[in-house]
Amino acid sequence: MIPGRRLKLHPDDLYAFGGHRGGINERWFSSTTKASNGPHTLPDEGLSYVNPEQGEKFLLKEAVEAAGDLLLGADVMEREGGWNLLCKFFDNMGPIPHHMHQTEEFASLVGQKGKPEAYYFPPQYNQIHNNFPHTYMGLEPGTTKDDIRRCLEKWHQGDNGILAYARAYRLIPGEGWQINPGILHAPGSLVTYEPQVNSDVFAMFQSEVEGRIVDWELLTKDVKSEFNKDIDYLISMLDWDANVNPEFAKSNKTFPKAVRSEEEMKEQGYREVWVTYGTPFYSAKELTVLPRQAVTIKDSEAYGVIVTQGHGRLGNQTASTPSMIRFGQMTEDEFFVTAAVAREGIVIENHSSSDPLVMLKHFGPANPDAASLVKK
């Protein structure tokens with residue numbers, strides 16, 4: 001994949017691990033999930049660090065393992081066993097192959113979890129849309145399993161033609177999508193904020209993208225070896241009804257939903273909207289604090305934060321949006337708010353006289369504040 005160059009990473013650091021590893025096109029937040037990037041993956045790749053005021057940094061994963069009750073709450077630790085969320089920015093120059101993430105049924109066969117995921121396109125990172133600001137999602141109504149079978153049979157002939165059976169949607173900054181397991185999708189070139197279950201299962205169904213060949217092993221990497229050549233089995237991993245849904249956009253597209261009355265929030269100097277919702281597995285909000293305002297915000301669960309615009313304070317921490325990041329450099333735009341602090345309420349101050357302070361907040365499973373928005 002070719003980096004989209006909008007994550008504010010210094011251009012000299014786009015290939016910080018060397019050209020043989022490829023370019024950096026993702027930034028992971030509050031991550032306790034190790035990346036699965038092949039045999040050269042580093043021991044801490046994908047994992048977030050805690051940077052204390054005194055002493056050495058340590059992994060958030062280690063902190064959750066040692067003091068999860070304090071960070072997440074005893075109820076969450078008992079139910080989930082940890083911070084079961086992966087959230088990231090994805091930034092690509094062009095599209096990626098039409099692929100799916102396995103359901104719990106199929107993922108469990110290889111010792112992993114099923115993976116739903118959500119998209120939100122933050123305007124602050126999308127002034128430039130890059131090469132293909134569209135995403136193929138699902139399959140055109142009327143597509144048959146035999147159509148997809150023929151595509152997989154043509155895998156080694158170059159382009160297997162699967163996009164001829166897919167429908168593309170223009171991506172709009174400030175909007176989003178929910179993609180459940182088993183649904184084919186080929187994300188486009190907007191910077192995408194992605195809350196998702198912390199699993200790395202997938203199966204590529206497109207054999208060529210932008211002239212680059214996709215190896216068959218990327219179709220079968222999370223399939224038991226006895227099914228690696230079984231095309232009927234591979235197709236059975238798709239949620240067929242969800243893929244050919246004639247109202248796919250109506251069922252899966254998401255728009256911001258105000259957390260409470262717009263007038264009430266404006267009077268108090270802020271605006272908060274749900275940008276990811278509808279599933280019990282995760283949720284996310286976008287919080288905007290107006291210039292020269294200070295607000296106290298309460299939530300029912302622990303959450304991660306990435307600041308996308310402005311500067312000020314988050315509790316007792318300085319918050320600011322970087323214009324350029326050197327690889328490995330500490331920044332002031334990412335935080336983790338513990339359950340106790342979230343429930344007590346955290347004071348957020350905007351120190352600018354003109355610029356809003358904007359941040360995205362990602363929550364793990366079963367957030368009670370988002371329960372009323374879960375689709376039945």
> Out of the stretch 49-76, which residues are part of a loop (DSSP other than H, G, I, E, B) and either touching a strand residue (DSSP E or B) at 6+ places or on another chain (Cβ under 6 Å) or in contact (Cβ under 8 Å) with a residue 60 or more places away in the chain (or both)?
Replying inline: N51, K57, G73
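Would you check which residues across the stretch 157-186 are open to solvent by 10 Å² or more (accessible area, probe 1.4 Å), within 21 Å of G4 (Cβ to Cβ) and under 19 Å from the mean Cα position of the chain (by Cα) and list them?
Correct list: Y169, R170, I172, P173, G174, E175.
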> Restricting attention to the stretch 28-48, which residues are surrounded by 13 or more Cβ atoms within 10 Å (Cβ to Cβ), in contact with a Leu (Cβ under 9 Å, 6 or more places away or on another chain), assigned to a loop (DSSP other than H, G, I, E, B) and on the phi < 0 side of the Ramachandran plot?
Replying inline: S31, T32, T33, K34, A35, L47, S48
> Which residue out of K113, K88 is touching a Ser or Thr at 6+ places or on another chain (Cβ under 8 Å), open to solvent by 10 Å² or more (accessible area, probe 1.4 Å), within 17 Å of L47 (Cα to Cα) and among the charged types (D, E, K, R)?
Replying inline: K88
> Quick one: is F281 in contact with a Cys (Cβ under 8 Å, 6 or more places away or on another chain) and either open to solvent by 10 Å² or more (accessible area, probe 1.4 Å) or of a type in the set (A, V, I, L, M, F, W, C) (or both)?
Replying inline: no
> Restricting attention to the stretch 264-317, which residues are in contact with a helix residue (DSSP H, G or I) (Cβ under 8 Å, 6 or more places away or on another chain), part of a strand (DSSP E or B) and not acidic (D, E)?
Replying inline: R271, W274, S283, V295, Y303, T308, Q309
>> Among (1) within 23 Å of T103 (Cβ to Cβ); (2) assigned to a loop (DSSP other than H, G, I, E, B), there is one condition G174 misses while meeting the rest; what is its number?
In response: (1)
>> List pairs: first residue in the stretch 270-288 and free of Cβ contacts under 8 Å to residues at least 60 places away in the same chain, second residue open to solvent by 10 Å² or more (accessible area, probe 1.4 Å) and of a type in the set (D, E) anywhere in the structure, Cβ distance under 8 angstrom, at least six positions apart or on different chains.
In response: R271/E262; E272/E286; V273/E286
> Has the stretch 310-322 got any residue that is open to solvent by 40 Å² or more (accessible area, probe 1.4 Å), in contact with a His (Cβ under 7 Å, 6 or more places away or on another chain) and within 21 Å of Y193 (Cα to Cα)?
Replying inline: yes
> Here are some conditions: (1) loosely packed, with under 15 Cβ neighbours inside 10 Å; (2) part of a helix (DSSP H, G or I). F106 meets all but one. Which one does it not meet?
Replying inline: (1)
> Which of the residues belonging to the stretch 323-345 are open to solvent by less than 60 Å² (accessible area, probe 1.4 Å) and charged (D, E, K, R)?
Replying inline: D333, E334
>> Looking at (1) closer than 25 Å to D69 by Cβ; (2) of a type in the set (G, A, S); (3) at pLDDT below 95, which one does G345 not meet, given that it meets all the others?
In response: (3)
> Can you tell me which residues in the stretch 346-363 are under 20 Å from S30 (Cα atoms) and open to solvent by 10 Å² or more (accessible area, probe 1.4 Å)?
Replying inline: I346
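Hey, which of the helices (runs of 4 or more DSSP H) in the stretch 191-254, taking only ones fully inside, have at least 2 residues that are over 30 Å from T32 (Cα atoms)?
231-236, 240-243, 248-252
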>> Could you check the stretch 1-23 and list, in sequence order, the residues that are touching a residue at least 24 places away in the same chain (Cβ under 8 Å) and surrounded by 15 or more Cβ atoms within 10 Å (Cβ to Cβ)?
In response: M1, I2, P3, G4, R5, R6, L7, K8, L9, D13, F17
>> Residue pairs, Cβ under 6 Å, 6 or more apart or interchain, first in the stretch 214-229 and farther than 13 Å from F106 by Cβ and open to solvent by less than 60 Å² (accessible area, probe 1.4 Å), second β-branched (V, I, T) and part of a helix (DSSP H, G or I). List them.
In response: N228/T220
> Taking the stretch 134-154, which residues are open to solvent by less than 10 Å² (accessible area, probe 1.4 Å) and either touching a Lys or Arg at 6+ places or on another chain (Cβ under 7 Å) or in contact (Cβ under 8 Å) with a residue 60 or more places away in the chain (or both)?
Replying inline: M137, G138, L139, I148, L152
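The values are calculated or read from the model by the stated rules, or taken from the named source; none is laboratory data. Predicted model, so just to flag it, every value in this text is computed and none were measured. Quick reminder, even Gly has a Cβ in these numbers, built from the backbone with ideal geometry, and neighbours come from all protein chains shown. Keep in mind that these areas ignore ligands, DNA and RNA; they rest on the heavy atoms of the full protein, side chains included. Shrake-Rupley method; radii C 1.70, N 1.55, O 1.52, S 1.80 Å.
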